[in-house]
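Before any comments, here is the structure.
Computed from the coordinates by the stated procedures, all read-outs in this text should not be read as laboratory data. No experiment lies behind these values; they were computed from the predicted model shown. Here the Cβ positions follow ideal geometry from the backbone for every residue, glycine too, while neighbour counts run over all protein chains shown.
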Amino acid sequence: MVRTALAGALLMSAGLLAGCAGRPGPEALAAISDSVPGASEHVILVASSRARDPKPGIFYNGERTPALSFAKVDMTVPPTHKPGMTEVPRGMPNPATDMAVREAVYRDTPQEFTADLKAELAKRPAGQKNVFIFVHGYNTLYSEALYRLAQMAEDSKATDVPVLFTWASRGEVADYVYDNNSATAARDRLEETIRLAFDSGAEKVSILAHSMGNWVTVEALRQIQISGRKVPAERLGNIVLAAPDIDVDVFKSQLKRFGKPDKPFIVIVSRDDKALAFSDFIAGDKPRVGAYANDKDLVELGAIVVDMSDVKSTDGFNHGKFAQLAEAAPQLRGMMRRAQQQGDQNEIAEKLGLTGIHFAGVDRVKLFELAGSAPDATKPRAASRTAGVAPAVNHAASETIEAAADEVVEETVAIEAASPQ
């Protein structure tokens, strides 16, 4: 009976975790020099604990390596791109219709990676010299993680330098335990990557982790916190934990040891997440953070909770709901300001077609704290749980609550999109 139930769960998850767009073919990452009018270009830097793969179109496989490997990838997004989608090539990429790699080169040393990072930051003006690290989840091929980061960079219009930290997932549903162990083994490598990002001179470093990627991310941050060599708090941007595939009890233990962060983590949850229901099953019916129903518990640990349980998902399995925010990012800035001025945050969700989003752990005082300015005690506090869009940590001081909310949304929601993996 147990074996039959497990088989059924695995079959269900196979469709879920592979994503709606299908999986890339063996030639997906073959370099294509052709360019087409209207295609967007993105440079993605890669730090990896995967083994290099000599086969054309693969680049990195799902086996582990003890040391970091690096790469620089020039990619294009087709002019026919639809927000939220990854245009995955089935054979040789066609840049007119597919995401395509123009050039991909390995880097052999941390110094070369840092040089690439500094070169990309130098292209940005002061105030925009930021780094955004994406950590993917379970059952994810290297190519899938790369496409997803390209999609986020394209849809959000963010100016941050995109860095992919990719750990040794085999990209197979049946390898859940292997992937979990790979994520654990990658903790030191992610810590190293985060420190390299800070050493590059970036003004801010933000991190978005999805699913099992949250495990390696929280562990790496915990190690940094207790190492005696903390990263500069004023340069640490947003830590966004989307659909975390972490045992709730373990997460509580991690954060208690970590201590309440200076800037709250943003935790995105959905109680109807079917992928995390599968993880619950594998883990002996222990709830995962990404499907946890008690927002208050997480807030008390120092988190802002963004609850998307009431949002209709576009992926069918409710594991990648927050990818739906990426397309809306360019419009959010002005909307949040107007909504704050009018005292009606429902306007945002309604106009963006994202009704049902709630958050806990943010009020007017906290918005001031995140903005780096003092609250006005004469003004009433807003409700701590309100329909709206995901708030986030502000990256610049502001003198008014409207400006605080403006910066909060611009910084984090602009990069909030994640893979169904």
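Dipole size in debye (nearest 20) for the stretch 2-320 around its Cα centre, Lys and Arg Cβ +1, Asp and Glu Cβ -1?
With only Lys, Arg, Asp and Glu charged at Cβ, the dipole is about 560 debye.
Starting from the Cα-Cα distance between A96 and S33, subtract it from 0.36 nm times their residue separation and give me the gain in nm to one decimal.
The span from A96 to S33 would gain 21.5 nm if fully extended.
Quick check on the exposure proxy: order D272, D249 from fewest to most C-beta atoms within 10 angstrom.
Result, fewest neighbours first: D249, D272.
Which whole-number percent is the relative contact order of the stretch 205-253 (Cα, under 8 Å, 6+ apart)?
Over the stretch 205-253, the number comes to 61 percent.
Can you give me the Cα centroid spacing of the stretch 40-94 and the stretch 233-251 in angstrom?
Using only Cα atoms to place each centre, the spacing works out to 25 Å.
Work out how much length E234 to D53 would gain on full extension: take 0.36 nm times their residue separation and subtract the Cα-Cα distance, in nm to one decimal.
Between E234 and D53, full extension yields 61.3 nm more.
In what order do H358, H81, H210, H136 fall by count of nearby beta-carbon atoms within 10 Å, going from fewest to most?
H358, H81, H136, H210
Quote the FRET efficiency, to the nearest 0.05, computed for D272 versus K296 with a Förster distance R0 of 25 Å and r equal to the Cβ-Cβ distance.
So, using R0 = 25 Å, E works out to roughly 0.80.
What fraction of the DSSP beta bridges in the stretch 2-320 is antiparallel, stated in percent and rounded to the nearest 5?
Details: 20 of 49 bridges.
Of those bridges, close to 40 percent are antiparallel.
Would you be so kind as to identify which of F251, T76, Q223 lies farthest towards the positive end of the dipole of the stretch 2-320, taking Lys and Arg as +1 and Asp and Glu as -1 on Cβ and the Cα centre as origin?
Projecting each Cα onto the dipole axis, the largest value belongs to Q223.
Rounded to whole Å and sorted largest first, what semi-axes of the equivalent ellipsoid does the C-alpha gyration tensor of the stretch 2-320 yield via the square root of 5 times each eigenvalue?
28, 25, 18
Report the one residue of G38, I207, P56 whose Cα lies farthest in the direction of the positive end of the charge dipole of the stretch 2-320 (charges on C-beta: Lys and Arg +1, Asp and Glu -1; origin at the Cα centre).
Selected residue: I207.
Normalised by the residues of the stretch 57-166, what does the relative contact order come to in percent, with Cα pairs under 8 Å and at least six apart?
Contact order relative to length: 30 percent.
Given a Förster distance of 30 Å, report the FRET efficiency between V177 and D262 from their Cβ-Cβ distance, rounded to the nearest 0.05.
Working from the Cβ atoms, E equals 0.30.
So for M99, M92, M308, fewest C-beta neighbours within 10 Å to most, what's the order?
M92, M308, M99
From Cα pairs below 8 angstrom and at least 6 apart in sequence, can you work out the relative contact order of the stretch 2-320, rounded to a whole percent?
16
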